[in-house]
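Everything below concerns the one structure shown next.
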């Protein structure tokens, strides 16, 4: 069941709930605002103070930055707040609501770190802000954009709480919200009211609100860093191609994602196809509407004093969808997504026995139009659209080709060691790569090594099968080119300096293909587009968290670089107290035992806490340095023609290591993809010429 928690409406929310009309407020009181209240666009707000041993932080939670996108604002671009949106003073003491998504109630913490557990609502265009009370001399701000495939996520996850980061960095920390899935990325055509990319427009409006109001919190709108992980990183790079985002930030951190990744955008045709499919299932398209839907639409049009015969079908479809419940829409959208991507979750132990992605049998189109040259999309999901009239204002790929990009931004690019290992059991269950969360929790509690059943023991045949899945599901090649591409893919990961086991080859292949390689290409592209005029850096994150509940073979994975950056070990020291003996202490103990048999070494119970908090402080200091002047620290080497270097961030604090941003595997993979894309394009061109001659 999808759990939808309806918002509690207080008296100063009433102005948000006037149907499709723009709310207006007539002041009825001259009561002065309380001490500490700040006037922003929308009205007065009041935060509350957080006290730490090192200082204080003022926390503002759930600040609206746009009008609520529900009712007749659903699926439409965000609407700016009025100067006086609410009466009186709004107490911002409740975390921003999470935008509409499927509620996942898992008992395994590995899932729950990145999924909201409560307060999911359409009234979600809000932000959370943490302001250091002590003087912010540099007046810097960091705006975090969360990720999770544009399907899940929230600015209000505990993992991303910015209170300690604000304290340690001295910067204002802001977590921004945006609409997800169909609510943020529906599309009914350029001439319709649903023009697509509403989620990106939400972010843009949030950034505009921050620019307009940040000085009232002691910040400077000329010193703003935007920071994204996963889909958040995709969003950050998308803003580089939007003229309306120019000037809203001057630094960026791009972690494990880019808008140019092959799975991060949809075409207009696919976006329309997905939207219409949902509309058809909900009886909202022409030919699918029941008498009930027709009656509702006619009633609305009558209230709007519109002639039904003069209203186009897209508008009728929109009105119908706007009058469906969020339960109805979410059930259909995520049902389709799960059908094409996952099998049903076993609710008794959270063991998602996920089979190879399969194609959902989409409903026929109303007008019988065939899209995608007869090729249906492989996985059903709503993503940013690569060509629009509202955000990119044209083709993303044309802008990319012509280097029409914001060239005035410093950027840190980064990746984690094994981005997608946590997805392998979900995708490869049929290959004996399974994951039982209940068993894993028992393993963690007992302190034992990973259970064999959770080790994803793949063989060479499985490795070749994954290469086949990638060639079949991620590339639009014909059978001949698909087979050639698959063989080339296998060859790349069989030719490594050190022989790898099948599981490791699959882990690297998935991370490279879906994240690492395109990210490295984008970093080099941006450096070249700016002619080296901006600070560009690259890192690879290799530190394994001692509280990461996933099996250890998965290595440092996607999004776990956020743990130290947001001060998690400092906010939750109780989670790190595991009385773990370090290798150095082990050696020292053995040496002493050989010379003094009566001597023992007592390990302090906070050995993990001390190290993890130290590492977290270093991470937050790095962010502070970068947000001030674009230089994260002495260990970081600026990207240049002579030195293209990535800093390795690991648990080793005694030395500095580096690697290449663009790995040899990625160079070979780029050549392979280019080769077969050119072959496919040539073949299609020859076929078109043949058709012209014959017909």
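The values are calculated or read from the model by the stated rules, or taken from the named source; none is laboratory data. Just so it is clear, the model here is predicted, and its values are computed rather than measured. Backbone-built Cβ (ideal geometry, glycine too); neighbour counts: all protein chains shown.
On the basis of being touching a strand residue (DSSP E or B) at 6+ places or on another chain (Cβ under 8 Å) and modelled with pLDDT under 95, does residue 274 make the cut? Against the criterion (touching a strand residue (DSSP E or B) at 6+ places or on another chain (Cβ under 8 Å) and modelled with pLDDT under 95), residue 274 qualifies.
Please work out if residue 285 is in contact with a helix residue (DSSP H, G or I) (Cβ under 8 Å, 6 or more places away or on another chain), crowded, with 22+ Cβ neighbours inside 10 Å and in a helix (DSSP H, G or I).
Details: in contact with a helix residue (DSSP H, G or I) (Cβ under 8 Å, 6 or more places away or on another chain): yes; crowded, with 22+ Cβ neighbours inside 10 Å: yes; in a helix (DSSP H, G or I): no.
It is false that residue 285 is in contact with a helix residue (DSSP H, G or I) (Cβ under 8 Å, 6 or more places away or on another chain), crowded, with 22+ Cβ neighbours inside 10 Å and in a helix (DSSP H, G or I).
Going residue by residue through region 89-103, is there one that turns out to be surrounded by 12 or more Cβ atoms within 10 Å (Cβ to Cβ) and at pLDDT below 80? So far as region 89-103 goes, yes, one or more of its residues are surrounded by 12 or more Cβ atoms within 10 Å (Cβ to Cβ) and at pLDDT below 80.
Scanning region 454-464 for residues that are outside any loop (DSSP other than H, G, I, E, B), without any contact (Cβ under 8 Å) to a residue 24 or more places away in the chain and either in contact with a helix residue (DSSP H, G or I) (Cβ under 8 Å, 6 or more places away or on another chain) or closer than 30 Å to residue 631 by Cα (or both) turns up nothing.
Residue 509 meets all of the listed conditions (1) modelled with pLDDT of 95 or more; (2) over 22 Å from the mean Cα position of the chain (by Cα) but one, namely (2).
Give region 36-64 a look and list any residue that's without any contact (Cβ under 8 Å) to a residue 40 or more places away in the chain and in a loop (DSSP other than H, G, I, E, B), or say none. Scanning region 36-64 gives 36, 53.
Looking across 216, 222, one residue alone is assigned to a helix (DSSP H, G or I) and more than 20 Å from the chain's Cα centre (by Cα). It is 216.
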